1. Students often get this wrong, so try it: which of [x] 36, 19, 9; [y] 17, 13, 11; [z] 15, 14, 11 is semi-axes √(5λ) of the Cα gyration tensor in Å as calculated from the structure shown?
2. Within the accessible area of the chain, what % is carbon and sulfur when the probe is 1.4 Å and the other protein chains stay in place?
3. Just the number please: accessible area per residue for the chain, 1.4 Å probe, all protein chains included, in Å².
4. Against the longest alpha carbon principal axis of the chain, how many degrees, from 0 to 90 and to the nearest 10, is the axis of helix 3-18 turned?
Amino acid sequence: MDDVQAIGASIRRARKDAGITQGTLADLVGTSSRTIHAIETGTGNPSLGTVAAAANAVGLHLRAADD
């Protein structure tokens, strides 16, 4: 699993743990359910800002990887 998929999987788990739908998360972030699906599956090309907003909305915070 690559980093993009891992981030998406973490957002999905946190969203489900919070008991909210993709549609609700999309409303919180100001985007579409399709974009949330793309984030959670690691597909498409959502902006980093949108990914960060989705993560923040479910209580996660992105940080740069230490190389």
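The values are calculated or read from the model by the stated rules, or taken from the named source; none is laboratory data. For clarity, every value in this text was computed on a predicted model and none was experimentally measured. We work out accessible area using only protein heavy atoms, side chains counted, and drop any ligands, DNA or RNA first. Shrake-Rupley method; radii C 1.70, N 1.55, O 1.52, S 1.80 Å.
1. Among [x] 36, 19, 9; [y] 17, 13, 11; [z] 15, 14, 11, the one derived from this structure is [y].
2. Whole-percent figure for carbon plus sulfur exposure: 50.
3. The answer is 65 Å² per residue.
4. 40
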